[in-house]
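Pasting a structure here, questions to come.
The values are calculated or read from the model by the stated rules, or taken from the named source; none is laboratory data. Just so we're clear, the structure is a prediction, and the values are computed from it rather than from any experiment. FYI the Cβ positions are ideal-geometry reconstructions off the backbone, even for glycines, and counts take in every protein chain you see.
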Amino acid sequence: MILFLPFFVALLSTAICTPLIIVLMKKARIVDDPQTHKHPALIHTKPIPRGGGIALFIGTWIAAFIFLHVSKLLIGMFAASLIAVIIGTIDDKYDISRYFRFFMNFVCAAIVVGSGVGVAFVTNPFGGILHLDTIRWTFFLFGNYHTIFVLSDLFALLWIVWVMNMLNWSKGVDGQMPGVVAISALVIGLLSLRFSLSDPFTLINANLSFALAGASVGFLVYNFYPAKIFPGYGATTIYLLLATLSIMSTSKLATAVLVMGVPMVDGIFTVIRRILTGKSPFWMDNKHLHHLLLRLGYGQRSIALFYWIVSAILGTGALTLDSRGKVFAILMLILLAGGGILFLQIILRDEKHTTQNN
């Protein structure tokens, strides 16, 4: 039961500090005003403060530093998280270059990987282990020898950056993102309890996962429709942590793919769609799954609940399935979710053409 204390401490900390952040963001004029912020995906009609990532950062790390001992790994995660929230808050104010933000995602991910996070191996669902730490590069720097596990570290780097961007795309309706993050973090935290808590990685994973879930729930109080504050780009601070926690034990990677399956499939289709239409993957549009559901007439609350329910179902399945079962579930999810997205895009495009012709 004591392991769930980080959840409640983070929840209360975030719930208490978020109203203060709302006031500060309004005074600093860090608001999303639809009259001045021209973005094809905007659906709100009045100015709403950004900067929710600050509250999520504060709530998560208050709990983390209360329940965890300071270590090289924790310092690295904190430093990367701090940089992410600073860059994100600057973007919330000034809308900086998307390419610079993307570069800083890599910087933050590299800090985490450099502090000792990597994917040493993945379980082969058909039997055996796929080792990613066989290729290594050792070099001498600043009086010490350092080793880079090429495939292991590269895999971790790309995964963290992908999750940071994929979840950022999945905050289009009020309450959508914090609910998905809370469920994902809870599932990863519960899975951590299957391993020995004497392992430093497991202890950090369990406590920080529950803290992350608590902070997300505390923020959800103010972000559920109608939102009083938006997460903003500063929320990449918790996407970074969620991605890191999912790979600190390789058995959680497939679980993370499954529980975040709908945003992940939507993100993959978004990148493919933009590239096939000759646009940059960073191109802004309003063709994500939540936008398609809005066009069908569903409200923001219904869409957020849909994402939560699907994530909860997939997360429950991930806790009970073996490696082979998770791979089968992921493949089925790609087929069903991907097929659903394509179907909605086709019928909505046909309806638009019919309306224009009439």
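Is it true that some residue in the stretch 40-52 is at pLDDT below 70 and more than 21 Å from the chain's Cα centre (by Cα)?
Scanning the stretch 40-52 turns up at least one residue that is at pLDDT below 70 and more than 21 Å from the chain's Cα centre (by Cα).
Determine if the stretch 42-53 includes at least one residue that is within 26 Å of residue 299 (Cβ to Cβ), aliphatic (A, V, I, L, M) and either in contact with a helix residue (DSSP H, G or I) (Cβ under 8 Å, 6 or more places away or on another chain) or surrounded by 19 or more Cβ atoms within 10 Å (Cβ to Cβ) (or both).
Yes, the stretch 42-53 contains at least one residue that is within 26 Å of residue 299 (Cβ to Cβ), aliphatic (A, V, I, L, M) and either in contact with a helix residue (DSSP H, G or I) (Cβ under 8 Å, 6 or more places away or on another chain) or surrounded by 19 or more Cβ atoms within 10 Å (Cβ to Cβ) (or both).
Could you tell me whether the stretch 80-99 includes any residue that is surrounded by 14 or more Cβ atoms within 10 Å (Cβ to Cβ), within 28 Å of residue 291 (Cα to Cα), modelled with pLDDT of 95 or more and among the hydroxyl-bearing types (Ser, Thr, Tyr)?
Yes; the residues of the stretch 80-99 include at least one that is surrounded by 14 or more Cβ atoms within 10 Å (Cβ to Cβ), within 28 Å of residue 291 (Cα to Cα), modelled with pLDDT of 95 or more and among the hydroxyl-bearing types (Ser, Thr, Tyr).
Which members of the stretch 211-251 meet the condition of being touching a Ser or Thr at 6+ places or on another chain (Cβ under 9 Å), surrounded by fewer than 24 Cβ atoms within 10 Å (Cβ to Cβ) and among the aromatic types (Phe, Trp, Tyr)?
Matches in the stretch 211-251: 222 only.
State whether one or more residues within the stretch 24-34 are under 30 Å from residue 152 (Cβ atoms) and touching a helix residue (DSSP H, G or I) at 6+ places or on another chain (Cβ under 8 Å).
no
Right, something else. Can you list residue pairs whose Cβ atoms sit under 6 Å apart, with the first residue in the stretch 245-262 being charged (D, E, K, R) and the second being modelled with pLDDT of 90 or more? Count only pairs 6 or more apart in sequence or on different chains.
252/188; 252/246
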